[in-house]
Structures are given as structure tokens and as C-alpha cells.
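Okay, so here's the structure we're looking at.
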């Protein structure tokens, strides 16, 4: 478990399947994950049961974000496309509507970034954000990510092609 001041992050268990299912199957967010069809309860239960929840082994890691104050599930944070040779990983975060604008995303990201840089000694973390997503752009820039490129007309969403920005954060304390 990774602890922040407002959140703690933990691996999912079977009690989280319905929470994850509600997020994964909400078509409003499919453009963020590349999902094109709904998951079943069994799909996500299998994911929880079969995942090692080891970034090295699975090349991905999903964590549940718990708000400390309420002890409720507030969102999910995912690491993906882990590259052990180049010491980098992609990051994505989803905060449920009921928990937005409380600083939980910032807290969760900072806790995970500290772990990735200090414990795993990664060189960089990267994330993709639609350029019209003001809240996520602010989140990434406020915690030190740099927008390094724009992928033009990268995501088809809401009957139009949208630009997507690549954000990168480098481990400046890493010893080479």
C-alpha cells in the first residue's frame, strides 16, 4: 500500500470488480482507454485473480485510489507499457466524479511518482492527455510533467478527431 496525505493506493481485489466495471463500461470514457466494447464481471474478476500485480512481470499495474477521509474508492491509477530496458512507464488516472476537485489526483500521482523514481529507479514517466482536457493538463503540468509533443488528430471522440498531448516527467535525482 502506498500512502499519501489524502489517498492511499492499493492493489484491487474481488470487492473492487463492480467499481472497476462501472468505470470501464462507461462509454463516456472509452476514448481514454481505447476500449470499444463492455467488459463482463467475469473479465474483470479474471484480471484481478490472474494478475501478479507486479510491474516487472505484467508490464502494467492497476491500483485503486482510496480517499483516506471517507475510506471510499475514489478512482483508479494505471501504469502501462512498462519498459524495463529504457526505465519508463506510462501513467493514467481516473477520479470518480464524486471525488473530483479535492486534490486526490495530485496526491495519488505524487505518491506513485515517488515510488517509481525512488524505489524502482525509473528514468521517466509519461502520459497522454487530450489537449482539450483542461483539468488533466493542469494536473500533469502542476506536478512537473512537461508537454513534449502534440499528436495531431490522434483520438476520434465525440464525432471528431482530437489532438493528444504527450507529457513526460524525468527523474532528476536518478544516479546513472
**Fill in**
residue 23 fails exactly one of (1) without any contact (Cβ under 8 Å) to a residue 12 or more places away in the chain; (2) touching a strand residue (DSSP E or B) at 6+ places or on another chain (Cβ under 7 Å), namely (1)
**Prompt:** In this structure, does residue 85 turn out to be surrounded by fewer than 19 Cβ atoms within 10 Å (Cβ to Cβ) and in a helix (DSSP H, G or I)?
**Reply:** no
**Message:** Just to check your reading of the model, which residue among 166, 112 is closer than 20 Å to residue 5 by Cα and out of contact with any helix residue (DSSP H, G or I) (no Cβ under 9 Å at 6 or more places or on another chain)?
**Reply:** 112
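Being loosely packed, with under 14 Cβ neighbours inside 10 Å, at pLDDT below 95, more than 18 Å from the chain's Cα centre (by Cα) and within 16 Å of residue 29 (Cα to Cα) narrows it down to one residue among 160, 174; which is it? If you could, list the steps in order and put the result at the bottom.
Numbers: 174 fails: within 16 Å of residue 29 (Cα to Cα).
So the residue among 160, 174 that is loosely packed, with under 14 Cβ neighbours inside 10 Å, at pLDDT below 95, more than 18 Å from the chain's Cα centre (by Cα) and within 16 Å of residue 29 (Cα to Cα) is 160.
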**Request:** Filter region 88-114 down to residues that are part of a loop (DSSP other than H, G, I, E, B) and free of Cβ contacts under 8 Å to residues at least 40 places away in the same chain and give me whichever is surrounded by the fewest Cβ atoms within 10 Å (Cβ to Cβ).
**Result:** 101
**Asked** Residue check, residue 141 against (1) crowded, with 16+ Cβ neighbours inside 10 Å; (2) under 17 Å from the mean Cα position of the chain (by Cα), all met but one. Which one?
**Response** (1)
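So in region 34-45, with the set limited to residues that are touching a helix residue (DSSP H, G or I) at 6+ places or on another chain (Cβ under 7 Å) and surrounded by 10 or more Cβ atoms within 10 Å (Cβ to Cβ), which one is nearest to residue 154 (Cα to Cα)?
At the first step, the residues of region 34-45 found to be touching a helix residue (DSSP H, G or I) at 6+ places or on another chain (Cβ under 7 Å) are 35-36, 39, 41, 44-45.
Adding the requirement that they be surrounded by 10 or more Cβ atoms within 10 Å (Cβ to Cβ) leaves 35, 39, 41, 44-45.
On the way: 35: 15, 39: 24, 41: 30, 44: 28, 45: 31 Å.
Result: 35.
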**Prompt:** Is it true that residue 132 is in a loop (DSSP other than H, G, I, E, B), touching a residue at least 24 places away in the same chain (Cβ under 8 Å) and within 25 Å of residue 27 (Cβ to Cβ)?
**Reply:** yes
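The values are calculated or read from the model by the stated rules, or taken from the named source; none is laboratory data. Computed from a predicted model, the values in this text were never measured in an experiment. Quick reminder, even Gly has a Cβ in these numbers, built from the backbone with ideal geometry, and neighbours come from all protein chains shown.
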